[in-house]
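Data first, discussion second: the structure below is written as C-alpha cells.
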Amino acid sequence: MSRDVAREAGILLRHPLGLVACGCGSGLSPWASGTTGSAAAAVLFWACGALAWPLWANLLLAAAMFAIGVPAAGWACRTLATDDAAPIVIDEW
C-alpha cells in the first residue's frame, strides 16, 4: 500500500500537534520515515549535548517531549484514521 505523503503533510503540518507528531516534518519522508525521524532526533540529541546543558535540563526536556508527544501522537492517529501512521515519528525522538 502506497502512502499519500501530500495528504498526510496537508493534515499534519496545519496543526501544532501534527507538527509535533511528525517530528517537525521529519516523518513525512516518502521512504523510511522512521529512519529520517531517528536521524532528526540524533541531530537534536547532539545539539543538546553540544550545549552542555545540566542533567536536570535534559530530564526536563525529555519529560516535556513525553507530555506533549503522547497527546500529539494520539491526535495524529485519530486524524489520519489509523493505529500506527508512518509519519508519526515523535516516538523516535
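Tabulated data for the structure shown
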item	result
In the range 58-69, residue farthest from Gly27 (Cα to Cα) [restricted to those that are open to solvent by 80 Å² or more (accessible area, probe 1.4 Å) and at pLDDT 90 or above]	Leu60
Selection within the range 13-24 - touching a residue at least 60 places away in the same chain (Cβ under 8 Å) and part of a helix (DSSP H, G or I)	Gly18, Val20, Ala21
Hey, Ala86 part of a loop (DSSP other than H, G, I, E, B), among the small types (Gly, Ala, Ser) and open to solvent by less than 60 Å² (accessible area, probe 1.4 Å) or not	yes
Of all residues making up the range 54-83, the number that are without any contact (Cβ under 8 Å) to a residue 24 or more places away in the chain and under 13 Å from Glu8 (Cα atoms)	4
Residue satisfying all of: in the range 46-57; modelled with pLDDT of 80 or more and in a helix (DSSP H, G or I); least open to solvent (accessible area, probe 1.4 Å) among these	Ala57
Which listed residue, of Gly10, Gly74, Gly34, Gly27, is in a helix (DSSP H, G or I) and either modelled with pLDDT under 85 or open to solvent by 80 Å² or more (accessible area, probe 1.4 Å) (or both)	Gly34
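The values are calculated or read from the model by the stated rules, or taken from the named source; none is laboratory data. Note that the structure is a prediction, hence the values are computed from the model and not measured. Cβ atoms come from the backbone with ideal geometry, glycine included; neighbour counts cover every protein chain shown. The area values use the complete protein model at the heavy-atom level, side chains included, leaving out ligands, DNA and RNA. Shrake-Rupley method; radii C 1.70, N 1.55, O 1.52, S 1.80 Å.
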